[in-house]
Amino acid sequence: MSLVVLCEFRARTDGETEFLRVARALASVAATEPGTLRYQWFTTQKPGHFSIIEEYVDADAAETHNNHVGSLLRELFAVADLVSVSFFGELNTYLREWASGREGVSVNTPL
């Protein structure tokens, strides 16, 4: 079963241009990853807020993606704050530990 991840970010003051550059770079890299099925950014109705839908073949593919783009993620978090994350699917140990006790994170598992 695939893993779907929905995230919302808020670009910091004067960080929106850099956020957009990094978001586009992340999407470009994700397009070449065999375990990444969808990686699509959206603007929201709130100024400076952006959302992304990520879909991976499984949680291990999501972990591989995060490791693969680690330097870009550090750049992203330098100019933006993570507002929320929703996982839909089974998590592996890496993602369960990342999500544990973190504010704004919801984990939704299949029935």
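The values are calculated or read from the model by the stated rules, or taken from the named source; none is laboratory data. On a predicted model such as this, the values are computed, not experimentally measured, just so you know. Backbone-built Cβ (ideal geometry, glycine too); neighbour counts: all protein chains shown.
For residues that are free of Cβ contacts under 8 Å to residues at least 40 places away in the same chain and either assigned to a strand (DSSP E or B) or in contact with a strand residue (DSSP E or B) (Cβ under 7 Å, 6 or more places away or on another chain) (or both), tally how many sit in region 54-68.
Residues of region 54-68 free of Cβ contacts under 8 Å to residues at least 40 places away in the same chain: 60, 63-68.
The next check asks that each one be either assigned to a strand (DSSP E or B) or in contact with a strand residue (DSSP E or B) (Cβ under 7 Å, 6 or more places away or on another chain) (or both); those that pass are 65.
Summing the residues that are free of Cβ contacts under 8 Å to residues at least 40 places away in the same chain and either assigned to a strand (DSSP E or B) or in contact with a strand residue (DSSP E or B) (Cβ under 7 Å, 6 or more places away or on another chain) (or both) in region 54-68 gives 1.
Across region 1-29, what is the total count of residues that are out of contact with any helix residue (DSSP H, G or I) (no Cβ under 6 Å at 6 or more places or on another chain), closer than 22 Å to residue 96 by Cβ, aliphatic (A, V, I, L, M) and modelled with pLDDT of 95 or more?
3
What single numbered condition from (1) surrounded by fewer than 16 Cβ atoms within 10 Å (Cβ to Cβ); (2) within 30 Å of residue 14 (Cα to Cα) fails to hold for residue 34?
(2)
Taking only pairs six or more apart or across chains, which ones have beta-carbon atoms under 6 Å, a first residue in region 69-85 that is assigned to a helix (DSSP H, G or I), and a second residue that is at pLDDT 95 or above and of a type outside the set (Asp, Glu)?
So the pair list comes out as 72/22; 72/25; 72/26; 75/22; 76/22; 79/12; 79/19.
Being in a helix (DSSP H, G or I), among the hydroxyl-bearing types (Ser, Thr, Tyr), at pLDDT 95 or above and farther than 17 Å from residue 92 by Cβ, is that true of even one residue in region 33-53? Show your work before the answer.
Residues of region 33-53 in a helix (DSSP H, G or I): none.
No, the conditions are met nowhere in region 33-53.
For region 2-18, give me each residue that is over 13 Å from the mean Cα position of the chain (by Cα), surrounded by 16 or more Cβ atoms within 10 Å (Cβ to Cβ) and of a type outside the set (Ser, Thr, Tyr).
Kept after step one, since they are over 13 Å from the mean Cα position of the chain (by Cα), are these residues of region 2-18: 2, 11-18.
With the extra rule that they be surrounded by 16 or more Cβ atoms within 10 Å (Cβ to Cβ), the set shrinks to 2, 11, 15-16, 18.
Matches in region 2-18: 11, 15, 16, 18.
Please enumerate the residues belonging to region 40-52 that are surrounded by 14 or more Cβ atoms within 10 Å (Cβ to Cβ) and either in contact (Cβ under 8 Å) with a residue 24 or more places away in the chain or more than 21 Å from residue 106 (Cβ to Cβ) (or both).
Restricting attention to region 40-52, the residues satisfying the condition of being surrounded by 14 or more Cβ atoms within 10 Å (Cβ to Cβ) are 41, 48-52.
Matches in region 40-52: 48, 49, 50, 51, 52.
Return a yes/no flag: does region 69-91 have any residue that is β-branched (Val, Ile, Thr) and loosely packed, with under 15 Cβ neighbours inside 10 Å.
For region 69-91, residues β-branched (Val, Ile, Thr) and loosely packed, with under 15 Cβ neighbours inside 10 Å: absent.
Can you name the residue in region 43-60 that is within 14 Å of the chain's Cα centre (by Cα) and of a type in the set (A, V, I, L, M) and is also nearest to residue 22 (Cα to Cα) among such residues?
Top of the filtered list is 52.
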